[in-house]
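As structure tokens, the structure follows; a few thoughts come after it.
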Amino acid sequence: MTKQQKPSYINFDNESYPWKSDIDYQKYPEEYRVGKGEQGVLICEPYKTEIGQHWRFKNPEVATKSSDTIYNLFKLYIQDSNFVGADMARKFLQMGYTRSRRYANYKGGKKYDKENNYAELERGTGEQKKAESAAIFYKKWKDAEADPAYTQMKKEWKTRLG
């Protein structure tokens with residue numbers, strides 16, 4: 001018998017979350033923390049708005065345009081020695097993959113049944129086109145993570161600021 005896991009947003013502790021919506025991370029980049037995975041991606045301004053406006057995964061064509069645009073922003077941030085922007089772009093690429101996979105695995109992208117104590121819904125009911133979108137984002141996400149300049153910037157950032 002496996003222990004039922006509820007979504008992480010249930011009983012979320014906003015106070016202890018290191019990313020805050022009232023900080024301009026372009027003006028105060030030292031306030032930014034790398035974190036795990038996609039943490040902070042939908043909070044850290046102005047990057048949330050700059051990058052998020054391009055984030056789409058409806059079908060492979062849309063995902064290709066979106067991931068190319070976000071990857072180009074990633075490269076521009078690297079060129080400008082803007083680690084926070086680059087890391088946020090990387091997070092959007094990762095989130096393109098994870099959200100596309102969610103919609104590929106679950107009808108409507110819903111993993112939990114809110115009406116049934118957040119029991120996990122049936123897997124394998126999603127859309128094939130979203131799986132294709134996920135593969136497109138996955139490639140760009142991994143390309144970003146493998147970028148030598150990004151890798152160096154991330155290492156230095158984590159050593160210096162966390």
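Out of 118, 138, 112, 97, one residue alone is among the aromatic types (Phe, Trp, Tyr), surrounded by fewer than 20 Cβ atoms within 10 Å (Cβ to Cβ), at pLDDT 95 or above and farther than 19 Å from residue 44 by Cα. It is 138. Please work out if residue 123 is in contact with a helix residue (DSSP H, G or I) (Cβ under 6 Å, 6 or more places away or on another chain) and surrounded by fewer than 15 Cβ atoms within 10 Å (Cβ to Cβ). Criteria met by residue 123.
Restricting attention to the stretch 114-162 and to residues that are more than 15 Å from the chain's Cα centre (by Cα) and among the β-branched types (Val, Ile, Thr), the residue that is farthest from residue 66 (Cα to Cα) turns out to be 159. Would you check if there is a residue in the stretch 62-75 being within 30 Å of residue 151 (Cα to Cα), among the hydrophobic types (A, V, I, L, M, F, W, C) and either touching a His at 6+ places or on another chain (Cβ under 8 Å) or free of Cβ contacts under 8 Å to residues at least 40 places away in the same chain (or both)? Looking for residues that are within 30 Å of residue 151 (Cα to Cα), among the hydrophobic types (A, V, I, L, M, F, W, C) and either touching a His at 6+ places or on another chain (Cβ under 8 Å) or free of Cβ contacts under 8 Å to residues at least 40 places away in the same chain (or both), one finds at least one in the stretch 62-75, hence yes. The sole residue among 63, 86, 104 that is part of a helix (DSSP H, G or I), more than 15 Å from the chain's Cα centre (by Cα) and crowded, with 19+ Cβ neighbours inside 10 Å is 104. Here 34, 84, 62 are screened, and the one residue that is at pLDDT below 95 and β-branched (Val, Ile, Thr) is 34. Kindly indicate whether any position in the stretch 51-58 is part of a helix (DSSP H, G or I), out of contact with any Cys (no Cβ under 8 Å at 6 or more places or on another chain), at pLDDT 95 or above and on the phi < 0 side of the Ramachandran plot. Yes, because at least one residue in the stretch 51-58 is part of a helix (DSSP H, G or I), out of contact with any Cys (no Cβ under 8 Å at 6 or more places or on another chain), at pLDDT 95 or above and on the phi < 0 side of the Ramachandran plot. Taken across the stretch 22-35, residues that are crowded, with 20+ Cβ neighbours inside 10 Å and not in a helix (DSSP H, G or I) do occur, with at least one present.
The values are calculated or read from the model by the stated rules, or taken from the named source; none is laboratory data. Nothing here was measured: the structure is a model prediction, and the numbers come from that model. Cβ atoms come from the backbone with ideal geometry, glycine included; neighbour counts cover every protein chain shown.
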